[in-house]
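All remarks here apply to the structure that follows.
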Amino acid sequence: MSDFRMSDSRAGGVRPGEQPWRTLDPRTIAVHCTWMGAPLGSLALTALATGGRLDARAWITLAVIGAVFAAVTTAGVITWRRTRYRVTGDAIELRTGLFTRSVRAIPLHRVRNVDITANLVQRLLGLAVLRAGTGGGGQGGELSLDALARPEAVRLRTELLARAGAGRTGDPVLATADLRRLRYAPLTFWVVGGVFAAAGAVWRVLDGIGVQPWRIGFVRRAFEDFGHSALWLTIPLALLAVTALGCVGAVALYAENWWNYRLEWTDAATLRVRHGLFTTRSVSIERARLRGVALREPLLLRTGGGASVRAVAGGLGNREENRRRSVVLPPASRGEALRVCEGVLGEPFDPAGLAAHPRAALRRRVVRAFAWCVLPPAVALAVLGALLTPVLLYCAAGWLVLAAPVAYGLARDAYRGLGHGLRGRFLLVRSGTFGRETVALDRSAVLAWTFTDTPFSRRAGLVTATAAVAAGEDGYRIRDMPAGTAAAFAEAATPGMLAEFLEHGEQPPHIKGFVRSS
């Protein structure tokens, strides 16, 4: 990525034979004015809550909105007039600035992804935002055109990918939208967490505009009725209501995110996933940056026979952006997830039959579950019961009776989830119970191995091996594998990387933080 500045006299004209500078779509100015929706909505809520009687603060807010609207519109017109872009023989360039002109350029051979997104307003106006990136984190490796007419954005993406070296050879579709997948939407975190997140957001908005939510009539009456009713009845009903609202919200969020979903190989070198109802998203992943796939099976989704798929790929931004943009299949049936994994990898994907881990790994998980989840509440209740009231002693005993079997069951499930193995050119790693994940890594993409242990794991004869990859989470752990075979397995996965240590009889798994890079 290059970023340089020049005087306006040098950047203003186009020499003969050069590509002309192109402008953004003028409808972009209207999109920039949509920020007024939030303050105007707040004023409307204030008027509704006060019966139409606006105080001085509301009128001042309205006047400020008008002044800022005029300023933002003027700035938007200037920005639009002073922003140009072009695609030359070897780069895509973006020129911006009023007093100081800045020209940013990305060489075409370094373009790794070209994404198209459009929010609801942009879709209504027929616009889209195109982002071309080199795959590096941060803004330095990305160039954004906000916004273009959608046909122009699609045409420009095709041009950039073609000139970056991706020749079109076909259009094999791996997966498309299916309404039957909506049944997996409630089997996610948002069933419960989404309700409280939405309630907290509404509460902050109302509090920010001067409306005290607890003084609203129906809210006050709901709390009063809840407190005066039998808790053994109201608490289950409240939980049922939260679950019902969460299911509705999860389905709505799923539909908005994954409407018009399509996963396809647009050519021999580019995997593209497109989805979205109000905000459309299109992410392209270059095959050269694809390092494998991750089959994700969280506890609830696994119980319902579902799974989702992420691509293990570089060039998708920082870790947070990578997690968001690497999803290639939303929660769906496990059979479909396995089929998508095979389509992305280009060969069969079979997560069954992985090597089991020693029983010592089960003991470690049982001990941790009891030490961190079962015993602390029980001890706290027992101490308080001895100091305050014997009732808490019965609560401590009840907690032990209820929590111990659950903790033991989850520990056994976590142990059964452990596994590792080699399948052709891929290294398979599986772990987790609440968020189980099976990762297939291209063995040629492993850059280094790290072996870590603790005094407790060393005593149990276990070690955790981490395969470092310049993609996805940067490193994938094989937790609690036998210490005696860890180095040999790593050498089998990446031949030659640890050969010199094994030949000299060294035991790198017992050296904390040992790293050997290729």
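The values are calculated or read from the model by the stated rules, or taken from the named source; none is laboratory data. As the structure is a prediction and not an experimental result, all values here were calculated from the model. Cβ: placed from backbone, ideal geometry, glycine included. Neighbour counts: every protein chain shown. For accessibility, only protein heavy atoms count, side chains too; no ligands or nucleic acids. Shrake-Rupley method; radii C 1.70, N 1.55, O 1.52, S 1.80 Å.
Compute the signed sum of charges (Lys and Arg +1, Asp and Glu -1) over the other residues within less than 11 Å, Cβ to Cβ, of T466.
0
Under a 1.4 Å probe, what is the accessible area of segment 373-426 per residue, stated in Å²?
57
Grab the Cα-Cα distance for R416 and R183, subtract it from 0.36 nm times how many residues apart they are, and report the gain in nm with one decimal.
81.2 nm
Evaluate the relative contact order of segment 294-420 (contact order divided by residue number), counting alpha-carbon pairs under 8 angstrom at least 6 apart; express in whole percent. Present the calculation step by step, with values, prior to reporting the outcome.
Details: 124 pairs, mean separation 26.2, N = 127.
Dividing the mean separation by the residue count of segment 294-420 yields 21 percent.
Could you tell me what percent of the accessible area of segment 287-380 is made up of carbon and sulfur, with a 1.4 Å probe and every protein chain present?
59
Sum up the charges of everything whose Cβ sits under 12 Å from the Cβ of W259, counting Lys and Arg as +1 and Asp and Glu as -1, but leave W259 out.
+3
Can you compute the FRET efficiency between L120 and E159 using 1/(1 + (r/R0)^6), with r the Cβ-Cβ distance and R0 = 30 Å? Round to the nearest 0.05.
With R0 = 30 Å, the Cβ-Cβ based efficiency is 0.65.
Sorted by accessible area (1.4 Å probe), largest first, how do Y85, Y394, Y415 line up?
Largest to smallest exposure gives the sequence Y394, Y415, Y85.
Please give the FRET efficiency for L277 paired with A197, using the beta carbon to beta carbon distance and R0 = 22 Å, rounded to the nearest 0.05.
Numbers: r = 20 Å, r/R0 = 0.90.
Efficiency for this residue pair is about 0.65.
Only Cα pairs under 8 Å and at least 6 apart count here; give the relative contact order of segment 264-329 as a rounded whole percent.
24
Report the dimensions of segment 301-419 along its three principal axes from the alpha-carbon atoms, largest first, rounded to Å.
64, 33, 25
Tell me the label-point distance for the pair V406, V248, using the 7 Å Cα-to-Cβ offset, in nm and rounded to one decimal.
Spacing of the two 7 Å Cα→Cβ label points: 2.7 nm.
Summing Lys, Arg as +1 and Asp, Glu as -1, what charge do residues with Cβ under 14 Å from the Cβ of A445 carry, A445 excluded?
Result for the neighbourhood of A445: +1.
So for segment 381-500, what percent of the C-alpha to C-alpha distances run longer than 16 Å?
Distances greater than 16 Å cover 69 percent of the Cα pairs.
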